[in-house]
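Asks: Take a look at the following structure, please.
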Amino acid sequence: MLHKKMDGVVKSCIVLVVLLSSSLAFAASVVRGPYLQSASSDSITVRWRTDTATDSRVQYGASASSLTSTASSATSTKEHIVKLTGLSPNTKYFYNVGASGAVQAGDATYYFKTSPTAGTAEPARIWVIGDAGTGSSGQAAVYKAYRNYTGSTYTDFWLMLGDNAYNSGTDAEYQTNMFNVYPEMMRQSPLWATIGNHDGTSADSATQSGPYYDIHTFPKNAEAGGVASGTEAYYSFNYGNIHVIVLDSNETSRATNGAMMNWMKADLANVTATWLIAIWHHPPYTKGSHNSDTETNLIEMRKNFLPILENYGVDLVLTGHSHSYERSKFIDGHYGVSSTYSSSFEVNGGSGRVDGTGAYTKTASLPHSGAVYSVVGASGQVSGGTLNHPAMFLSLNELGSMVIDVSNQTMDIKYLNNNGAVRDYFTISKNTTPPTTPAAPGALTATAASSSAINLAWTDNANNETGFDVERSSDNVNWAALSSVGSNVQAYASTGLAASTTYYYRVRAKNSAGPSAYSNVANATTLGAGSTTVTVDLRDGLNGYAGTQDTYVASGASGSNFGSASAVMADGSDGSRGELVSLLKWGVTGIPTSATVKSVRVGLQAFNPSAGTYRLYARNAAWTESTATWSNANIAGAQGTEIGNFVPSANGAHTITLNAAGIAMVQGWLNGSVANHGLTVRSSSSDGVDLRSSEYGTVSQRPTLSITYQN
C-alpha cells in the first residue's frame, strides 16, 4: 500500500515537472527582432532572438486575423531563423513569431511585402543609411524624420552602408545601436547591408564569422537573384526591375583578379534589370572625414571596380565611411585623384533636378552613359572635412538619410536631414525606345553669326536622347554629317563657311534604340565680310536692365491689378477668378534702330506646370503694369497675331522661339513702325500654369526676351 502511494507521488511529480518544463518553454520572451532578411519574390527569412531556447514557428497570412500558413523548425534555440517559401510575388503578408505552443510577438504592425517578379516594373521606395550605429540622439532623429516623411508609404527595402554598430560591431552594440533603434523597420521591411570597418573589428569576412555575420542571413547562393557568390561578404539581389550589387570594400581582396571581382563580372554579365545600384562602405570620391585621394581602400575601389561597373551601365553607387553627405554630378570615367578631375568626365554637370537644369538621362544598360556617386555617411554623426571634391554637385555636413523612389524608368532621389527637410534631390531617367523628334513645338533655327559661321538652336522635345546628329546641305538635297553632340546640348556652331552663302541644316535625336525622325530644315545666309551678329538678353537685373513690365488679369476679378505679384498666370478657367491672361512687355531701347532682327526667343520659368498649350499673341493696345485689369485691358479686342506657343508640362525653364510674325513684330519695335505693346500669354486649358515674373527674387528665373540681330 505504501509502495502504491509512493508510486503515485512519483508519477504526480513527474507530471508536475513535465508541466513546469512545458510552461517554462512557452514563457520565452523576444529580446531581438523579429527582423526580415533575404527577401525574394517567393520567399523571405524571418529572424528573432529569445531569452530562453524554444523551437521556432512563424504563422502568416493575408490579414492579421487570418494567419493560415505556418513555417517552423523543431530545433530548440535562442537564435530563430525561419524561411517562408512558396509566397506570391508583390504580396503583403501579416505574421507572428513564437514556438509550437505560443505566440511570442505579433500584431497588426507585423507584416512584410514580397518582392515583385524579377524584371517587372513595380514602384519601389528604398531607405538608405550609412554609419548610423552610434546610439546617439542624432541617429534617432534621422530615423524619426524618415518615419514621418514616409508615413503610410511602405518601405520596400532598406540599405545599411556599413559601420552599422559602433565602436567595434559587438553583439551588444548591434542590440543597442541597431535593433533597439529601428524596431518597426526591422519587422516590416527587408534589410540589406554591407560591412564597414567598425563592423569588421569583431568580424572576419574570410571565415564569415563574428557578430556581423552571425546576425545576418544574406543570399550567398543567389536565393534572391543574380549569380551565387558563395559568401555573405558580397552578394546581389533583385527587386522587380532593380538589381543591387553589395560589395565588401573592408576586408575582401579588391584586386582586379580577386574572387570578388571575378564574381562581380559574372553577376553583371547576367543583369537584365532596368536599374543597377551598387553599394559598399569606402567611397571612391570623398573629401569628408576621409580622403579618397590618399586612402588605399577608397583608391582601389575607384581604380579597380568603377571601370567595370560603368562598363555595365551602373546608375547609382552608394557608400558611407565619411560622416557627411556628398553627391556627384552625372559622371563617367574618372579613376584618378581629385586634381585630375575636370568637366570632361561629366556626362551632365547640371543639378539633375527636373525643376532646375533637368533630370539626368540615359539609355538602359548603355555602357559609360553616366552614374551618380553618393556618400550617405551621416545617419548617426557628422565629422566635417573640406567637402570640396570637384566631382560633387553638393556636399553637406548634415545628419540625414537617403530616400529613393523608383517608378518604371524614373528614379527620384532625395536627401532628408534629421529635421525632416529635403536638402538635396535629383532624378535619373531611363529610356529604351527611340527618342522623339527634336524641334517641336519650337523649331530648329539657323542664325548667321558672321561671314563664316551660322548658329543652330533647337528644342529637345523628350529629353530621352543620348545625343543629336547635325547635318548640313548647300542645296537642301544632298546632306553631309557635321557632328554628333551630347545629351542636353541644344545648340551648335557651324563654322568655316563661305561668306554670303546660304546653308541648310537638320538635326535628329538618338539613343541606343535608334534615331528619331529629322527636325524641320532651317537655313541661313552667312554675313558679308565685316558684318556681325549680336544676341541681347533682356531680363530685369541682368547687366543693369530694368525695362520689363509684366502682370496678369482675371475675368472673375475684373477690377483687380496684380502688377506687383512675383508670378504671372494663364488659365482658361480658374474657378471664381475665371480666365487668367498674362501680359508681358520689354523695353528695347539700346538696340540699334537699324538692326536686322534674325531671331527672337521668349524665356519663361514655370513653377506650377500644365499639360495645356499656351499661345503667345502680339498685343496691339497699350497697358501699364501698375494699372492693367481685365476691365481695361480689352483682352479679346487687343489680341493680335499668334507669334508662338509652348506646353509647360514640367517645372523649369521654357524657351519659345517666335515665328516670322513675332520676328516682324520685334523688328517693328526697333525701327518704330510697330508700337511696343508687348504680348499676351493665353490658353483655353483649365489646367493653368504659373510663371515667375520680373518681381521674383531670383534673377535667372525672371522673364527674358532674347533678340539676335545683325548690325
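Asks: Hey, can you tell me all the residues within region 189-214 that are of a type outside the set (S, T, N, Q), farther than 13 Å from residue 251 by Cα and not in a helix (DSSP H, G or I)?
Replies: 190, 191, 192, 193, 210
Asks: While we're here: Just name the residue that is surrounded by the fewest Cβ atoms within 10 Å (Cβ to Cβ) out of those in region 206-233 that are closer than 29 Å to residue 31 by Cα and touching a Phe, Trp or Tyr at 6+ places or on another chain (Cβ under 7 Å).
Replies: 220
Asks: Next question. Tally up the residues in region 573-586 that are under 34 Å from the mean Cα position of the chain (by Cα) and over 30 Å from residue 668 (Cα atoms), please.
Replies: Residues that pass the stated criteria total 2.
Asks: Also: From the list 631, 576, pick out the single residue that is more than 27 Å from residue 546 (Cβ to Cβ), free of Cβ contacts under 8 Å to residues at least 24 places away in the same chain and of a type in the set (Gly, Ala, Ser).
Replies: Testing whether each residue is more than 27 Å from residue 546 (Cβ to Cβ), free of Cβ contacts under 8 Å to residues at least 24 places away in the same chain and of a type in the set (Gly, Ala, Ser) leaves just 576.
Asks: Name every residue in region 276-315 that is buried (at least 24 other Cβ atoms within 10 Å of the Cβ) and hydroxyl-bearing (Ser, Thr, Tyr), in order of residue number.
Replies: Passing the criteria: 285, 286, 292.
Asks: Hey, among the residues in region 661-711 that are more than 30 Å from residue 574 (Cβ to Cβ) and under 37 Å from the mean Cα position of the chain (by Cα), which one's surrounded by the most Cβ atoms within 10 Å (Cβ to Cβ)?
Replies: That would be 707.
Yes/no per residue for (1) modelled with pLDDT of 95 or more; (2) in contact with a Gly (Cβ under 9 Å, 6 or more places away or on another chain); (3) within 14 Å of residue 605 (Cα to Cα); (4) outside any strand (DSSP E or B):
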site	(1), (2), (3), (4)
656	yes, yes, yes, no
665	yes, yes, no, yes
680	yes, yes, no, no
685	no, yes, no, yes
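Asks: A further question on this structure: With respect to residue 318, is the statement that it is assigned to a helix (DSSP H, G or I) and either modelled with pLDDT of 95 or more or surrounded by fewer than 24 Cβ atoms within 10 Å (Cβ to Cβ) (or both) true?
Replies: Against the criterion (assigned to a helix (DSSP H, G or I) and either modelled with pLDDT of 95 or more or surrounded by fewer than 24 Cβ atoms within 10 Å (Cβ to Cβ) (or both)), residue 318 does not qualify.
Asks: Might you check whether a residue that is in contact with a helix residue (DSSP H, G or I) (Cβ under 8 Å, 6 or more places away or on another chain) and β-branched (Val, Ile, Thr) occurs anywhere in region 212-229?
Replies: yes
Asks: Give, as residue ranges, the strands (runs of 3 or more DSSP E) completely inside region 77-131 that count at least 2 residues that are farther than 24 Å from residue 270 by Cα and among the hydroxyl-bearing types (Ser, Thr, Tyr).
Replies: Of the strands (runs of 3 or more DSSP E) lying wholly inside region 77-131, those with at least 2 residues that are farther than 24 Å from residue 270 by Cα and among the hydroxyl-bearing types (Ser, Thr, Tyr) span 92-99.
Asks: Somewhere in region 275-289, is a residue farther than 30 Å from residue 121 by Cβ, part of a loop (DSSP other than H, G, I, E, B) and among the small types (Gly, Ala, Ser)?
Replies: Yes, because at least one residue in region 275-289 is farther than 30 Å from residue 121 by Cβ, part of a loop (DSSP other than H, G, I, E, B) and among the small types (Gly, Ala, Ser).
Asks: Okay, moving on. How do the strands (runs of 3 or more DSSP E) wholly within region 533-641 filter down when requiring 3 or more residues that are within 19 Å of residue 687 (Cα to Cα): which remain?
Replies: Hits in region 533-641: 548-554, 567-570, 580-586, 596-608, 614-619.
Asks: Moving to a separate point now. Condition test on residue 652, is it surrounded by fewer than 22 Cβ atoms within 10 Å (Cβ to Cβ), within 28 Å of residue 520 (Cα to Cα) and in contact with a strand residue (DSSP E or B) (Cβ under 6 Å, 6 or more places away or on another chain)?
Replies: Details: surrounded by fewer than 22 Cβ atoms within 10 Å (Cβ to Cβ): yes; within 28 Å of residue 520 (Cα to Cα): yes; in contact with a strand residue (DSSP E or B) (Cβ under 6 Å, 6 or more places away or on another chain): no.
Taking the combined requirement at face value, the residue does not satisfy it.
Asks: Still on this structure: Quick one: count up the residues across region 516-531 that are modelled with pLDDT of 85 or more, under 20 Å from residue 498 (Cα atoms) and not aliphatic (A, V, I, L, M).
Replies: 3
Asks: Among the residues of region 413-425, is any closer than 30 Å to residue 273 by Cα, modelled with pLDDT under 95 and not acidic (Asp, Glu)?
Replies: Within region 413-425 (the criterion being closer than 30 Å to residue 273 by Cα, modelled with pLDDT under 95 and not acidic (Asp, Glu)), the answer is no, since none of the residues qualifies.
Asks: Hey, any hits in region 325-336 for a residue that's modelled with pLDDT of 95 or more, farther than 29 Å from residue 607 by Cα, among the hydroxyl-bearing types (Ser, Thr, Tyr) and in contact with a Ser or Thr (Cβ under 6 Å, 6 or more places away or on another chain)?
Replies: Scanning region 325-336, I find no residue that is modelled with pLDDT of 95 or more, farther than 29 Å from residue 607 by Cα, among the hydroxyl-bearing types (Ser, Thr, Tyr) and in contact with a Ser or Thr (Cβ under 6 Å, 6 or more places away or on another chain), so the answer is no.
Asks: Another question about this same structure. Restricting to region 145-188, name every residue that is outside any helix (DSSP H, G or I) and either outside the structural domain of residue 379 (by TED's automatic domain parsing) or free of Cβ contacts under 8 Å to residues at least 24 places away in the same chain (or both).
Replies: So in region 145-188, the residues outside any helix (DSSP H, G or I) come out as 151-170, 180-182.
Those that are outside any helix (DSSP H, G or I) and either outside the structural domain of residue 379 (by TED's automatic domain parsing) or free of Cβ contacts under 8 Å to residues at least 24 places away in the same chain (or both): 151, 152, 180.
Asks: Here are some conditions: (1) among the hydrophobic types (A, V, I, L, M, F, W, C); (2) in a loop (DSSP other than H, G, I, E, B); (3) buried (at least 18 other Cβ atoms within 10 Å of the Cβ); (4) not assigned by TED's automatic domain parsing to the domain that holds residue 652. Residue 524 meets all but one. Which one does it not meet?
Replies: Looking at each condition in turn, residue 524 falls short on (2).
Asks: Taking region 587-636, which residues are within 39 Å of the chain's Cα centre (by Cα) and among the polar types (S, T, N, Q)?
Replies: 599, 605, 608, 610, 613
Asks: Do we find that residue 478 is in a loop (DSSP other than H, G, I, E, B) and either of a type in the set (Gly, Ala, Ser) or modelled with pLDDT of 80 or more (or both) in this structure? It would help to see each step written out before you state the result.
Replies: Values: in a loop (DSSP other than H, G, I, E, B): yes; either of a type in the set (Gly, Ala, Ser) or modelled with pLDDT of 80 or more (or both): yes.
Here the answer is yes, as residue 478 does meet what is asked.
Asks: Checking residue 272 against (1) within 25 Å of residue 427 (Cβ to Cβ); (2) modelled with pLDDT of 95 or more; (3) in contact with a Ser or Thr (Cβ under 9 Å, 6 or more places away or on another chain), which single condition isn't satisfied?
Replies: (2)
The values are calculated or read from the model by the stated rules, or taken from the named source; none is laboratory data. Given the structure is predicted, the values throughout are model-derived calculations rather than measurements. We place every Cβ from the backbone using ideal geometry, glycine too, and count neighbours over all the protein chains shown.
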